[in-house]
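*Asks:* Let me begin by handing over the structure; questions about it come next.
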Amino acid sequence: MRYFIIFLPLFLFASNLKELIELSLKNEQYQIKIMQNMQSSFEIQSLTSSYMPNLNLDIGYVGLNKDRLIIDPQESFYTKLSLNFLLYDGGKREALINSLKFKKNITELNKEQSKNYLALKASTLYFNYQSLQTIIKASEQKELFLENTLQRLKKFYKVGLSAQNELESINAKYHLAKLELSKNLLKLEEIKKDIKILTAQDFTPEKLNFLENPSKDFKNNNNLEFLIAKEQINQANEKLKIAKSSYLPKIFLQNNFIFYKNNYNPKIPSIYQNLANDFFKKHAQSNQFIIGMQWKIFDFNQRSKEVEKERLEVQIANAKANLIKRENEQNLEYLQKNLDILKEQINALTYALKASEIAFKVVNEKYSAGLCSYIEYLEALEEKFKAFSNLELAKNELEITKANYYFLAGIDIKDKVL
């Protein structure tokens with residue numbers, strides 16, 4: 001059976017997070033993991049086949065010159081068929097096959113981890129894009145406010161109704177706002193670039209999605225890195241069995257069937273030629289059956305050192321799995337607390353934004369009527385848009401933190417998109 005992976009150009013312009021995650025699976029990184037998983041399947045099949053009886057054909061020519069025994073042919077052509085079958089190898093065969101099965105499990109988990117990592121990356125880019133777009137719209141409003149104020153001040157300045165320092169301050173703030181907007185637009189282009197690298201196509205997020213809030217009762221540790229570490233423990237145990245199998249004998253069967261065509265050309269007197277022709281046959285065949293045992297009984301402790309090495313590998317794999325489990329549990333616990341804080345932060349920033357909007361409305365009316373200074377006006381304007389940006393960034397951080405939580409918990413992020 002043959003497997004083909006076809007890379008097709010994509011022309012679909014998607015708009016929501018689920019579609020972006022789906023498109024991210026076209027990334028070469030995930031396709032490589034799929035192919036590596038296929039490789040591991042073929043590796044198991046190849047090893048299993050190698051332990052089946054095998055038939056070999058040998059064909060050759062042997063020529064002897066100068067001194068030779070009378071019973072040795074001067075020339076010999078031969079064909080040899082050999083049937084070989086390993087009956088027992090101390091359990092190495094079963095351990096090797098099991099080791100490759102665990103390796104296949106690891107490649108399968110690596111594929112799933114790659115899938116969820118791409119979903120995390122897609123989610124991060126998606127929420128960053130949406131957040132930045134909202135901030136850009138606010139920056140455009142800020143720039144428009146300052147532009148209108150600047151134009152009004154220029155008219156007042158011409159007729160001597162405003163001071164030069166006030167005009168220059170507003171002018172400076174206006175150009176700084178334009179610069180801030182330009183930088184944000186450049187950041188947006190960077191996100192578009194990263195999305196295209198991820199999906200191999202242009203993608204413009206339009207529909208605003210959110211992620212479901214993680215359950216506080218979640219206890220299962222399905223972190224893919226931890227699951228991979230557990231499979232590596234199993235694989236290390238099988239490698240230890242392979243090392244131990246070297247202490248046991250190998251038992252094998254072999255059958256050799258050989259055809260000869262010989263040219264003896266014996267150097268004997270002519271009167272004995274007829275007798276030699278009867279004795280030295282030009283055509284011959286033989287059948288050889290062997291049941292044998294091979295057992296290494298001494299090797300200067302090479303096998304014991306190999307066993308100890310593999311035993312340490314098992315301990316290393318266990319230690320690694322314990323560390324990953326503990327780190328993951330602590331990280332999930334921290335992220336859950338971080339989510340709670342972010343929700344409180346969003347609530348507080350919502351009140352702060354409302355207060356800053358009311359304050360700016362009052363200050364703007366006073367400034368237009370000439371009842372407060374331009375410094376108060378600029379401070380109120382800055383406070384309003386700062387509060388807006390802080391709120392938007394907190395919302396963005398909340399969604400990305402949810403995505404990170406699901407990634408660490410080994411949960412498919414796509415299934416949690418609302």
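*Asks:* State the Kirkwood hydrodynamic radius of the chain in Å, one decimal place, computed from all pairs of distinct Cα atoms.
*Replies:* 29.6 Å
*Asks:* Here's another thing I want to ask about it. Considering only C-alpha atoms, what is the centroid distance from the stretch 57-135 to the stretch 358-418, in Å?
*Replies:* If you average the Cα positions of each part, the centres end up 56 Å apart.
*Asks:* Quick one: dipole size for the chain, taken about the Cα centre, charges +1 on Lys/Arg Cβ and -1 on Asp/Glu Cβ, in debye to the nearest 20.
*Replies:* Its charge dipole is roughly 1100 debye.
*Asks:* What accessible area per residue comes out for the chain, rounded to a whole number of Å², with a 1.4 Å probe?
*Replies:* 62 Å²
*Asks:* Further, regarding this structure: For the stretch 97-226, what % of the accessible area comes from carbon and sulfur atoms, probe 1.4 Å?
*Replies:* That fraction is 51 percent.
*Asks:* Rounded to the nearest 500, what is the chain's calculated 222 nm mean residue ellipticity when only DSSP H runs of at least 4 contribute -39500 (n - 2.57) each, over all residues?
*Replies:* -23000 deg cm²/dmol
*Asks:* Continuing with the same structure: Can you pull out the GluC sites (Glu not before Pro) in the stretch 106-157 that DSSP calls coil and that have at most 11 other Cβ atoms within 10 Å?
*Replies:* Listed in order of number, the matching sites amount to none.
*Asks:* Past the 19 Å Cα-Cα mark, which pairs from Lys33/Lys416; Lys101/Lys250; Lys354/Lys402; Lys18/Lys216; Lys343/Lys402; Lys137/Lys395?
*Replies:* Long pairs (Cα-Cα over 19 Å): Lys33/Lys416; Lys101/Lys250; Lys354/Lys402; Lys18/Lys216.
*Asks:* Give me Rg over Rh for the stretch 84-133, both radii from the alpha carbons and Rh done the Kirkwood way, two decimal places.
*Replies:* Looking at the stretch 84-133, the ratio lands at 1.50.
*Asks:* Answer with one residue from Asn84, Asn65, Leu109: the one whose Cα lies farthest towards the positive end of the charge dipole of the chain, charges on Cβ with Lys, Arg +1 and Asp, Glu -1.
*Replies:* Working it through, the farthest residue towards the positive pole turns out to be Asn65.
The values are calculated or read from the model by the stated rules, or taken from the named source; none is laboratory data. Source: prediction; values computed, not measured. Because the Cβ atoms are built from the backbone with ideal geometry, glycine has one as well, and the counts that use them run over all protein chains shown. With ligands, DNA and RNA removed, areas are computed over all heavy atoms of the protein, side chains included. Shrake-Rupley method; radii C 1.70, N 1.55, O 1.52, S 1.80 Å.
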